[in-house]
Amino acid sequence: MTSAAVPNSSETHLPFPVHRLSVAQYRALSEAGVLAEDDRVELLEGVIVPKMNASPRHSSTVHAMHDVLRAALPQGWSLRLQDVITTGDSQPEPDLAVVTGTHRDYAGSHPTAAQTALVVEVADSSLARDYAKRRIYSRAGIPIYWIVNLVEQRVEVYTDPASTDSEPAYRRRDAYSATDSIPLVIGSREITHIKAAEILP
């Protein structure tokens, strides 16, 4: 396992103007039927972005991660699989998210960042985008972000979000190889350790 501070990453500036949508406007597009449930998109920092196609290895790892997390979660927490969470300017759909309460608690609205203890993205072809999502999750104050990095065969754990900085970022990064065990922290409490080999293909 290696630890390091995480440098700030600057936002990519497009060479043309972009009209950014609010979360409310994005929801209105869905409610009006402009965006259908089977449209593979998500709202990231006000921009509608197509989601990446999942490879078999990606899908297999997501489901392995789901099984491991579900077995470890304490009472009072729920595990969401590729569902929306809402931040101030985004509606990302992380591969996995641990949220407070039960699934019934979210029948009327998606979980907010304040209700989210952990988000997990499994990354192969999506690695650059999942790195960029650090800014979204840290700005929202989500305490822990895992990237299951299939390209380099490691699990990267980001903690200590600097949500008030002008360029938000996580201050700490720990990287775990297949021989390491990863502490699972939910609600500021270490629940157990997960063997990285159980997650990495």
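The values are calculated or read from the model by the stated rules, or taken from the named source; none is laboratory data. Remember, predicted model here, so these are calculated numbers, not experimental data. Positions of Cβ are generated from backbone atoms using ideal geometry, with glycine treated the same way; all protein chains shown enter the neighbour counts.
Looking only at region 90-100, decide whether some residue is in contact with a helix residue (DSSP H, G or I) (Cβ under 9 Å, 6 or more places away or on another chain), over 25 Å from Pro183 (Cβ atoms) and modelled with pLDDT under 95.
The answer is yes; a qualifying residue exists.
Restricting attention to region 173-201, which residues are acidic (Asp, Glu), in contact (Cβ under 8 Å) with a residue 60 or more places away in the chain and surrounded by fewer than 16 Cβ atoms within 10 Å (Cβ to Cβ)?
Matches in region 173-201: Glu198 only.
Restricting region 134-155 to residues that are of a type outside the set (A, V, I, L, M, F, W, C), in contact with an Asp or Glu (Cβ under 9 Å, 6 or more places away or on another chain) and surrounded by fewer than 23 Cβ atoms within 10 Å (Cβ to Cβ), which is nearest to Ile182 (Cα to Cα)?
Arg154
Answer yes if at least one residue in region 19-26 is surrounded by 13 or more Cβ atoms within 10 Å (Cβ to Cβ), at pLDDT below 80 and not in a strand (DSSP E or B), and no otherwise.
There is at least one residue in region 19-26 that is surrounded by 13 or more Cβ atoms within 10 Å (Cβ to Cβ), at pLDDT below 80 and not in a strand (DSSP E or B).
Quick one: count up the residues across region 22-52 that are hydrophobic (A, V, I, L, M, F, W, C), under 13 Å from Thr86 (Cβ atoms) and touching a residue at least 60 places away in the same chain (Cβ under 8 Å).
Residues that pass the stated criteria total 2.
Can you tell which of Thr112, Thr100 is in contact (Cβ under 8 Å) with a residue 24 or more places away in the chain, touching a Gly at 6+ places or on another chain (Cβ under 7 Å) and either surrounded by fewer than 21 Cβ atoms within 10 Å (Cβ to Cβ) or under 17 Å from Leu43 (Cα atoms) (or both)?
Thr100
Which of the residues that make up region 65-90 are under 19 Å from Asp105 (Cβ atoms) and assigned to a loop (DSSP other than H, G, I, E, B)?
Scanning region 65-90 gives Leu73, Pro74, Gln75, Gly76, Gln82, Asp83, Val84, Ile85, Thr87.
Here are some residues: Glu45, Glu31, Glu37. Which one is of a type outside the set (Ser, Thr, Tyr) and surrounded by 14 or more Cβ atoms within 10 Å (Cβ to Cβ)?
Glu45
Hey, Asp124 hits all of (1) within 8 Å of the chain's Cα centre (by Cα); (2) within 17 Å of Ile199 (Cα to Cα) but one; which does it fall short on?
(1)
List the pairs whose first member sits in region 53-68 and is under 10 Å from Ile199 (Cα atoms), whose second member is of a type outside the set (A, V, I, L, M) and in a helix (DSSP H, G or I), and whose Cβ atoms are under 6 Å apart, counting only residues at least 6 apart or on separate chains?
Note: pairs meeting the criteria are Val68/Glu198.
What number of residues in region 74-90 are surrounded by 18 or more Cβ atoms within 10 Å (Cβ to Cβ) and either at positive phi or hydrophobic (A, V, I, L, M, F, W, C) (or both)?
Number of matching residues: 4.
Can you tell me which condition Ala54 does not meet? The list is (1) in a loop (DSSP other than H, G, I, E, B); (2) surrounded by fewer than 15 Cβ atoms within 10 Å (Cβ to Cβ), and all the others hold.
With respect to (1) in a loop (DSSP other than H, G, I, E, B); (2) surrounded by fewer than 15 Cβ atoms within 10 Å (Cβ to Cβ), Ala54 is out only on (2).
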